1. Could you please let me know if Asp85 is assigned to a helix (DSSP H, G or I) and under 27 Å from His136 (Cβ atoms)?
2. Given the options Val24, Val100, name the one that is farther than 21 Å from Arg190 by Cβ, of a type in the set (Val, Ile, Thr) and either in a helix (DSSP H, G or I) or modelled with pLDDT of 85 or more (or both).
3. Given the residues Leu60, Leu72, which is the only one that is among the hydrophobic types (A, V, I, L, M, F, W, C), over 30 Å from Ile114 (Cα atoms) and at pLDDT 85 or above?
4. Name every residue in segment 99-127 that is over 20 Å from Leu141 (Cα atoms), out of contact with any Leu (no Cβ under 7 Å at 6 or more places or on another chain) and free of Cβ contacts under 8 Å to residues at least 60 places away in the same chain, in order of residue number.
5. Could you tell me which residue of segment 83-134 is nearest to Val71 (Cα to Cα), considering only residues that are loosely packed, with under 10 Cβ neighbours inside 10 Å and among the aromatic types (Phe, Trp, Tyr)?
6. Quick check on segment 198-232: of everything there that is in a loop (DSSP other than H, G, I, E, B) and surrounded by 15 or more Cβ atoms within 10 Å (Cβ to Cβ), which residue is farthest from the chain's Cα centre (by Cα)?
7. Scan (1) closer than 23 Å to Asp67 by Cβ; (2) of a type in the set (Lys, Arg); (3) at pLDDT 85 or above for the single condition Arg192 breaks and write down its number.
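The values are calculated or read from the model by the stated rules, or taken from the named source; none is laboratory data. Since the model is a prediction, treat every value here as computed from it, not as a measurement. Note: ideal-geometry Cβ built from the backbone for every residue, glycine included; neighbour counts use all protein chains shown.
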Amino acid sequence: MAILDELISQIEDPTLRTRIAAEVEKMAKQKKFGLVFEEHLPECTPLWDIPVKKGSKVALKAGKVSDFYTVLKMVDGKALCLSKDKSETAEFPIDDLVSVAEFGEPIYPYLKPIDTVCNAPHSDLWHTLIEADNYHALQLLEYLYAGKVDCIYIDPPYNTGARDWKYNNDYVDNSDQYRHSKWLSMMQKRLRLAKKLLKQKESVLIVTIDEKEYLHLGCLLEEMFPEAKMQMISSVIRPLMDENLRKMAKLSLG
């Protein structure tokens, strides 16, 4: 802070010097101990049941939902759209677009039955599969099951940047200097809801993660669940044997 104060004192414009000094003082008061990260709002949610119309925020169904546009006009099955940064326009077939909502905009989720399968008609056991954005699904479940859930298992994006498989594992681009901060902000919002669902006693939260974020996640869990007993279970995957070892193993097995 002393270095910052010295640099600020060298600013010739008195108005700018005063404003920067005030902002630095505000930041210094906000600093806390423990895991420190920014509160990011980078997420958007597709709204598949909401029709695309003039003024809608939309994204390409085949693209990233965070790369959204604003519909300026619609003519002959095509939509003229303005980019998120308002720097350019583009035209897309309306059928290729989906309406989106930015994180923080009011959304009122509901459950819409799609199908049922009955394998044991005489059993009282039943299961429900909810297909939705996990944040809004947790919001919805909170109305019915707050403090009633025995176990929650989550398998979040590992934030490794991998794009070679269907599951979205590249939550934040590897070149983004805030990639860990954004990932933690995303996780905190969902863990906060999960904590409301879990029973205060005799419940368990299971999270799978790899080496890229396990240290950050561990600190976050300790802060959010200070009363909980934490335990790590490591799963080691053996590397594939080379060709000679495979031949030897085949021979030894007859």
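1. Working: assigned to a helix (DSSP H, G or I): no; under 27 Å from His136 (Cβ atoms): yes.
Judged against the criteria, Asp85 is not a match.
2. Details: Val100 fails: farther than 21 Å from Arg190 by Cβ.
Within the list Val24, Val100, the selection yields Val24.
3. Details: Leu60 fails: over 30 Å from Ile114 (Cα atoms).
From the options Leu60, Leu72, the qualifying one is Leu72.
4. Across segment 99-127, the qualifying residues are Val117, Cys118, Asn119, Ala120, Pro121, His122, Ser123, Asp124.
5. Tyr108
6. From segment 198-232, those in a loop (DSSP other than H, G, I, E, B) are 199-203, 208-213, 225-232; that's our starting set.
Next, only the ones that are surrounded by 15 or more Cβ atoms within 10 Å (Cβ to Cβ) stay: 203, 209, 212-213, 225.
Numbers: Ser203: 24, Ile209: 14, Lys212: 15, Glu213: 13, Phe225: 20 Å.
Selected residue: Ser203.
7. Arg192 satisfies all of (1) closer than 23 Å to Asp67 by Cβ; (2) of a type in the set (Lys, Arg); (3) at pLDDT 85 or above except (1).
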